1. Please determine, by comparing only the residues of region 5-46 that are free of Cβ contacts under 8 Å to residues at least 60 places away in the same chain and closer than 17 Å to residue 148 by Cα, which one is surrounded by the most Cβ atoms within 10 Å (Cβ to Cβ).
2. (1) out of contact with any Gly (no Cβ under 8 Å at 6 or more places or on another chain); (2) free of Cβ contacts under 8 Å to residues at least 40 places away in the same chain; (3) surrounded by 17 or more Cβ atoms within 10 Å (Cβ to Cβ): which one isn't true of residue 49, the others all being true?
3. Can you tell me which residue among 23, 15 is part of a helix (DSSP H, G or I) and over 21 Å from residue 73 (Cα atoms)?
4. Given region 88-165, what helices (runs of 4 or more DSSP H) lie entirely inside it while holding 2 or more residues that are modelled with pLDDT of 95 or more, touching a Leu at 6+ places or on another chain (Cβ under 6 Å) and within 21 Å of residue 43 (Cβ to Cβ)?
5. State yes or no: is residue 51 under 25 Å from residue 108 (Cβ atoms) and either at pLDDT 95 or above or part of a helix (DSSP H, G or I) (or both)?
6. Could you go through region 50-58 and let me know if any residue there is closer than 17 Å to residue 155 by Cβ and among the hydrophobic types (A, V, I, L, M, F, W, C).
7. Among the residues of region 53-84, write down those that are in contact (Cβ under 8 Å) with a residue 60 or more places away in the chain and either loosely packed, with under 14 Cβ neighbours inside 10 Å or farther than 17 Å from residue 31 by Cα (or both).
Amino acid sequence: MAFFAWLEATGVATTVRDSLRLTGALSSVHVIGFTLVTGGALVANLNLLGVLFPGRPPIEVTRPASRGIAVGLAISALTGLLLFAPRATVASVNWIFQLKMALLVTAILFHIFVHRRVARSPRHNHISGEFARSWSTSMQRATAVVGLLLWTGLALSGCAFILLE
């Protein structure tokens with residue numbers, strides 16, 4: 001708690017807390033970042049589910065979507081930290097905020113270590129021109145469903161935190 005009290009007392013936190021316009025601008029940019037995250041996650045997971053761009057290998061869709069997720073996360077992390085600083089002691093003990101952070105970490109790790117691995121599985125055979133799948137379609141779909149649930153849970157917990165704080 002001492003760290004959070006210190007954070008709230010910093011000049012940056014005071015500036016954000018004392019400026020409604022700055023808080024509004026940071027919130028707007030935070031939402032733009034999260035839109036990039038959510039959009040990338042939707043595209044990557046809906047492709048893996050077979051709903052979006054079904055004829056394209058998942059890795060061809062996941063790579064650019066992952067870049068969008070990474071850019072969005074960078075924007076959201078920076079603005080989120082700036083928005084968190086003025087209310088760090090209260091937000092840090094809020095169960096909805098804790099859930100949001102847990103879902104964020106879980107969704108990122110799942111995307112990096114599971115989704116991307118499953119998306120890379122179809123390998124193009126340059127001799128026969130066919131794709132060889134090392135993961136079953138049901139595994140790809142299950143991965144997509146879990147990814148969608150994690151990212152949707154993150155979005156909903158973020159909205160709940162704002163509305164119910």
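The values are calculated or read from the model by the stated rules, or taken from the named source; none is laboratory data. Note that this is a predicted model, so its numbers are computed, not measured. Positions of Cβ are backbone-derived with ideal geometry, glycine not excepted, and every protein chain shown enters the neighbour counts.
1. Kept after step one, since they are free of Cβ contacts under 8 Å to residues at least 60 places away in the same chain, are these residues of region 5-46: 6, 9, 11, 15, 18-22, 24-33, 35-36, 39-40, 43.
If we keep only those that are closer than 17 Å to residue 148 by Cα as well, we get 35-36, 39-40, 43.
On the way: 35: 15, 36: 20, 39: 14, 40: 24, 43: 19.
By that ranking, first place goes to 40.
2. Going through (1) out of contact with any Gly (no Cβ under 8 Å at 6 or more places or on another chain); (2) free of Cβ contacts under 8 Å to residues at least 40 places away in the same chain; (3) surrounded by 17 or more Cβ atoms within 10 Å (Cβ to Cβ) one by one, residue 49 breaks only (2).
3. 15
4. 95-110, 137-164
5. Values: under 25 Å from residue 108 (Cβ atoms): yes; either at pLDDT 95 or above or part of a helix (DSSP H, G or I) (or both): no.
Answer is no for this residue.
6. no
7. Within region 53-84, 57, 58, 59 qualify.
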